[in-house]
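Worksheet: the structure to be examined is printed underneath.
The values are calculated or read from the model by the stated rules, or taken from the named source; none is laboratory data. Since we're looking at a predicted model, the values are computed, not measured. Cβ placement follows ideal geometry from the backbone for every residue including glycine, while neighbour counts extend to all protein chains displayed. For the accessible areas, the whole protein counts, side chains as well, though only heavy atoms, and no ligand, DNA or RNA atoms are used. Shrake-Rupley method; radii C 1.70, N 1.55, O 1.52, S 1.80 Å.
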Amino acid sequence: MTPYERFVARYPEYGSTGVLDELRATEYGRLDRERQVYLDYTGGSLHADAQVREHARRLCEHVCGNPHSANPTSAESTRQVEHARAAVLAYFNAAGDYTAVFTPNASGALKLVGESFPFAAGGRLLLSTDNHNSVNGIREFARAKGAAVDYAPLTVPDLRQDAAALDRLLDAADPAAANLFAFPAQSNFSGVRHPLAQVEAARRRGWRVLLDAAAFVPTARLDLRAVAPDFVSVSFYKMFGYPTGVGCLLVRNDALSCLHRPWFAGGTVNFATVQGRHHVLAPREAGFEDGTLDYLGIPAVAIGLAHLERIGIDTIATRVRCLTGWLLQELLALAHGNGRPMVRLYGPATPVMRGGTLTMNFYDPDGHLLDYRRIEELAGQERISLRTGCFCNPGAGETAEGLTEDDMRAGFAQGAAISLPRFLEVVRHRGGKSAGAIRVSLGIASNFADVDRFLQFAAGFRDQTAPGVGTATFDIESCRVIRDGS
């Protein structure tokens, strides 16, 4: 049997996703014309040609002006923005229960919560160790206001939430205080999908809950009537590629009143005075949408959501699950001639409760780490787009690699010179650990050929020895080997 025949025999449901092959040819044809293998959907999805055509048509048919006015062009912009806002609420089944606040991206949405949440002494911020840095950054607002900050640990090697430890930390809060628990629906590092039941479990104990859904919603349905966090952050380019520069914070209406903005800006006030040194913040979303919205870009959000609805998010989820399962199976089967495994995967080894994000490192026949930066360069030469580094998620990476607080101190001892490449050198001298990895991720336009080309690329490292093992790094600019002299 060919690899494809073995694949469809193992995942026959893949056959139900044929509409995506048709779309690959008609709407994402640039991938095959350029022989590109795109494996960075967690970094950003790809747009369909039809999305851009439809958006261009609307721009050409209407005259749109700055919406902060009542003139005809402003009114048209307002109409289109509000149409997109209604489409967002409908897509997430949130109409009537949530307010949609447009932001520049998911990070902007998270910052709104961090700066506006009523942290105070006696209250707590609980973060998952598996969080994007834009969530980790909220701890600075909490600390500045005297709130306690804790991290819920992960289990190894699967990098899932430690349920018992999480329960203890949730129980430690004073329900009468302002407490916030923040975690991702899906890890941008390992692809783990954390139980959404944690939302209600935390709310019952007196916590407000912030769900980072940026990595989850591109390939899964989030129904905000079934799961009801207080705050949800999303980034639309991760869902359907276009437009970039537009995200959203979804706020439960009963949680909106607990947010208190520390400043105001153009567009966020009903009244402001210089002489009186006072302002009245605008109600609901208007009080959080700083300055002039991207009124030409936001209408493309409704077009992208309609594109997903026509395909069906369940169809995308089925395809990604099948391809992910096959990729996991085949990567774990890769071995050197001496029988040693070639690949170390971080996170679950099956597609159960995980998305299409796989993070790994490659090892030589003697078990020595191959430099992920060199692998990214070689992948680029094969027109394979993947991602390397720590993916702005230090907690999951530290847990996966067994990095300790002492390792962190050794890194900070470098002072202002510290960077990820420099830290990688430091930890390699502290037991051969890594501070980075290789990430491939699947999405709306992925197919079997993409996965097969990556597997062929990975198999090319069979019986390849890491140059200068233990005493060498790769210059990230020229990828030439640099000896450290030891």
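Some points to look at:
- Helical runs (DSSP H, four residues minimum) scored at -39500 (n - 2.57) apiece and divided by the length of the chain put the mean residue ellipticity at 222 nm at -11000 deg cm²/dmol.
- With the highest mean first, a sort of the peptides 411-417, 23-29 on other beta-carbon atoms found within 10 angstrom per residue produces 23-29, 411-417.
- Magnitude of the charge dipole for the chain, about its Cα centre and with charges confined to Cβ atoms of Lys, Arg (+1) and Asp, Glu (-1), is about 340 debye.
- Looking at the stretch 182-275, the trypsin sites (Lys or Arg not before Pro) that sit in a DSSP loop and have at most 12 other Cβ atoms within 10 Å of their own Cβ are Arg225.
- Coil-residue trypsin sites (Lys or Arg not before Pro) of the stretch 322-417, DSSP, other Cβ within 10 Å capped at 15: Arg383
- Acute angle (nearest 10 degrees) that the helix 372-381 long axis makes with the longest principal axis of the chain, alpha-carbon atoms: 90 degrees
- Segment Arg205-Ala413, extension gain: residue separation times 0.36 nm, minus the distance between their alpha carbons: 70.9 nm
- Taking all protein chains into account, the per residue accessible area for the chain stands at 42 Å² (1.4 Å probe).
- Inter-label distance, Arg10 to Ala163: 2.8 nm, where each label sits 7 Å from its Cα along the C-beta direction.
- Here the accessible area is traced with a 1.4 Å probe on the protein chains. For the chain, carbon and sulfur cover 54 percent of it.
- The stretch 1-60, dipole about Cα centre (Lys/Arg Cβ +1, Asp/Glu Cβ -1), debye to the nearest 20: 140 debye
- Glu377-Ala197 FRET efficiency (beta carbon distance; Förster radius 41 Å; 0.05 resolution): 0.45
- Residues of the stretch 368-396 with amide N under 19 Å of the 7 Å Cα→Cβ point at Gln456: 376-386
- Annotation for the stretch 153-185 versus the stretch 1-43: alpha-carbon center distance of 37 Å.
- The chain, relative contact order in percent, only Cα pairs under 8 angstrom and at least six apart counted: 20 percent
- Label-point separation in nm, Ala50 to Met1, each point 7 Å along Cα→Cβ: 3.3 nm
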